[in-house]
1. Taking region B:380-419, which residues are in contact with a Leu (Cβ under 7 Å, 6 or more places away or on another chain) and within 21 Å of B:Q573 (Cα to Cα)?
2. Only one residue in B:D50, B:D30 is surrounded by fewer than 22 Cβ atoms within 10 Å (Cβ to Cβ) and part of a loop (DSSP other than H, G, I, E, B). Which one?
3. Yes or no: B:T241 surrounded by fewer than 24 Cβ atoms within 10 Å (Cβ to Cβ) and in a helix (DSSP H, G or I)?
4. Going by the conditions given, is B:L490 out of contact with any Ser or Thr (no Cβ under 9 Å at 6 or more places or on another chain), of a type in the set (A, V, I, L, M) and in contact (Cβ under 8 Å) with a residue 12 or more places away in the chain?
5. Which of the residues belonging to region B:293-322 are within 12 Å of the ligand (Cβ to nearest atom) and within 13 Å of B:K338 (Cα to Cα)?
6. Going residue by residue through region B:131-145, is there one that turns out to be among the polar types (S, T, N, Q) and crowded, with 24+ Cβ neighbours inside 10 Å?
7. Quick one: is B:R409 over 20 Å from B:E245 (Cβ atoms) and either over 19 Å from the mean Cα position of the chain (by Cα) or among the polar types (S, T, N, Q) (or both)?
8. What do you reckon, is B:G209 open to solvent by less than 20 Å² (accessible area, probe 1.4 Å), modelled with pLDDT of 95 or more and either within 16 Å of the ligand (Cβ to nearest atom) or not charged (D, E, K, R) (or both)?
Amino acid sequence: MLVKFLATYRQIANCKSCDMPAPSNVLELMEALCARWPEFDGLILNDERTDKGDDVIILVNGRHIEHLNGVATPLTEQDYVVITPLVAGG
Amino acid sequence: MTQANGWIGTILRINLTEGSIKKEPLNMQDAHDYVGARGLGTKYYCNEVDPKIDPLSPDNKLIFMTGPLTGTAACSSGRYEVVSKAPLTGIIGAANSGGHFGPELKYAGYDGIIFEGKADHPVYLHIDDDKVELLDAGELWGQGVHETTEALEAKHGKVRVSCIGTPGERCMLYAAIMNDKNRAAGRGGMGAVMGSKNLKAIAVRGTGGVTVARPEGFMREITKARTMLKEHPVTGNGLGTFGTEILVNIVNEVGGLPLRNGRDGSYWDKADDTSGEHLNETHLVKNQGCFGCSIACGRVTKIEGKGDLDGFGEGPEYEAGWSYGAACGVNDISSIVKANFICNEQGMDPITLGSTVACAMELYEMGAIPEEDIGFPLRFGDAAAMVKLTQMCADGEGFGKIIGLGSYRLAEKYGHPELSMSVKKQEMPAYDGRAIQGIGLEYATSNRGGCHVRGYMISPEVLGIPVKLDPQVTEGKGAMLKTFQDLTALCDSTGMCLFTTFGIGLPEIAGQYREAVGSDETDEEILLKGERIWNLEKRFNMEAGVEKDTLPPRLLREALPSGPAKGKVNELQTMLADYYEARNWTADGIPTPEKLAELNVTY
Ligand code: SF4
């Protein structure tokens, strides 16, 4: 499964994207990212580690997880995930 | 003599035909009702100018207006507005700019300047506190923005300069007015109006200050708002670190980055080459802020080791990065930076220019524009042709003159007006209304034609600020857009930067405004002024003969071929009905006499 990092998350992961085995859902993916890059801990998960942090945007196949099933959104090897800190412009 | 309410209390009225300079008291009732800057400038304009006026005729007026917070300690309060009827669109054209010019004008003792008539030779206005004079601009005429600014600084010392380049002199339809070299009152052709008056520049130096009504309360509100801005990830360090170009990847990933004039959908596998992340690695020198701004989103950039492209300047912002990037199918970041430098150096709107080049590329590839008209091949992705055409447009040479008409007139000339990605003849910016429904509604209803900063629906639809709306659905978009439009009109009119609204909202904007002007109005009463401004603009546009609220047929009928929003078109009619209802207008989108009376919109 392809995971793409944007903005400052690229510096943490030290890459633009990586292939990872697909966990069963988004929450598990975030746990896996924190395990692989401890700097993500405290950034992408909330304090209780039950949901994503407020300042994180996660897209699964281009759709915000808020408009899917949140962190319970299921993942498969074919899915494509983008994870970025909240950014803006205009 | 300043007033103790954020205002100086004085307007300069310059009649260029007569060469006369008058100082008159600020209309405080209108300042109360229409806040300042965009709202107040538009009110002055509506009071004084026939909506049917030819924008480039001597009888048109050009108004520079600050807000009550401009030049104060309020957050990001360096903004001013230029108001006139826009030559590109034929409707109201209020263009906002930052930098330091607006505050300097107030420190010199003036809330705004109204230019009337037309000088019989090129002139510029020099303001040194009380001394105001029209001087000969013969030697400046023919100079670019940077040369003009440097010449005026050399002559008058520490002045802040707002001026036009050579496209403005030629009344090119989307010439910008530039201040502090690289900050732009960019859209709609305010620079053309300035050029039509033979007015090259304003150079101002001010040594006074601005006094607010309730200094303690004002500082309390500022401290609260500044803390919120500092703690918010976007306004705290996101915009300062990456600038606005950081949006490229996220907008592309939701499938909303219009590719090759929107012909090829809105997902691009090369988007990252043009991203804020990549710009930082390749061209960024440092970030930079406007007056009183802790966000500091500006990009100081340079190009080195690229031969003819080499240069130094600012930007691009996200919109220009897109118009010269994805819209033209060009992924060479140096060429994008260069094309934007040319726009800044000569004062041209890069959104319209890049989009017009993109439109020409599509027309060329389909055989509608013969190569002999252009003089060289103009395929999507041809970075060198894009930069060359931008320079030709700046110089008014060959096919560059046609590019200078904007995409609508270009596409119409070659028999395909439907391929202009514009609304009311102004080009839409960098988000596809098929993938992001609410931004399509925003383009269709914007009071100055295709524009993203009249009600930035990307905030809720893509970024989730302040609420998370699904970009692909239509529900709730009409009412949300109405609120965003009103709040934006209010924010623009105070003299604060719209980007503060990523981190603060109505309570903080209204709080700073209230303490500055000494008002006891509620937040809702203050927001109502934003609605009043919106309805005033709409009323002017109706009388000017505005086209109906719609989108290019591509967005309404050509389904996206790929990406996360594959198969989608913009569902405009559904959202328009909700929007007009939220505005309490007729089902045809016309403000009722009752609505205008309720808001006291009169002139
Ligand atoms: S946020 Fe950016 S554009 Fe706005 S005032 Fe600050 S530096 Fe200028």
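The values are calculated or read from the model by the stated rules, or taken from the named source; none is laboratory data. Everything numeric in this text was worked out from a predicted model, so none of it was measured. In this analysis, Cβ positions are derived from the backbone assuming ideal geometry, glycine residues included, and neighbour counts consider all displayed protein chains. Accessible surface is based on the protein model in full, side chains and every heavy atom, while ligands, DNA and RNA are left aside. Shrake-Rupley method; radii C 1.70, N 1.55, O 1.52, S 1.80 Å.
1. Once the filter is applied, which keeps residues that are in contact with a Leu (Cβ under 7 Å, 6 or more places away or on another chain) and within 21 Å of B:Q573 (Cα to Cα), region B:380-419 yields only B:L419.
2. Step by step, each of B:D50, B:D30 is checked, and only B:D50 is surrounded by fewer than 22 Cβ atoms within 10 Å (Cβ to Cβ) and part of a loop (DSSP other than H, G, I, E, B).
3. Values: surrounded by fewer than 24 Cβ atoms within 10 Å (Cβ to Cβ): yes; in a helix (DSSP H, G or I): yes.
In short, yes.
4. Values: out of contact with any Ser or Thr (no Cβ under 9 Å at 6 or more places or on another chain): yes; of a type in the set (A, V, I, L, M): yes; in contact (Cβ under 8 Å) with a residue 12 or more places away in the chain: yes.
Criteria met by B:L490.
5. Of everything in region B:293-322, those that are within 12 Å of the ligand (Cβ to nearest atom) and within 13 Å of B:K338 (Cα to Cα) turn out to be B:V300, B:E314, B:G315, B:E317.
6. The initial filter retains those residues of region B:131-145 that are among the polar types (S, T, N, Q), namely B:143.
Now drop any that are not crowded, with 24+ Cβ neighbours inside 10 Å, which leaves none.
No, there is no match, as no residue in region B:131-145 is among the polar types (S, T, N, Q) and crowded, with 24+ Cβ neighbours inside 10 Å.
7. Values: over 20 Å from B:E245 (Cβ atoms): yes; either over 19 Å from the mean Cα position of the chain (by Cα) or among the polar types (S, T, N, Q) (or both): yes.
Yes; evaluated as a whole, the condition is true for this residue.
8. Working: open to solvent by less than 20 Å² (accessible area, probe 1.4 Å): no; modelled with pLDDT of 95 or more: yes; either within 16 Å of the ligand (Cβ to nearest atom) or not charged (D, E, K, R) (or both): yes.
No, not satisfied.
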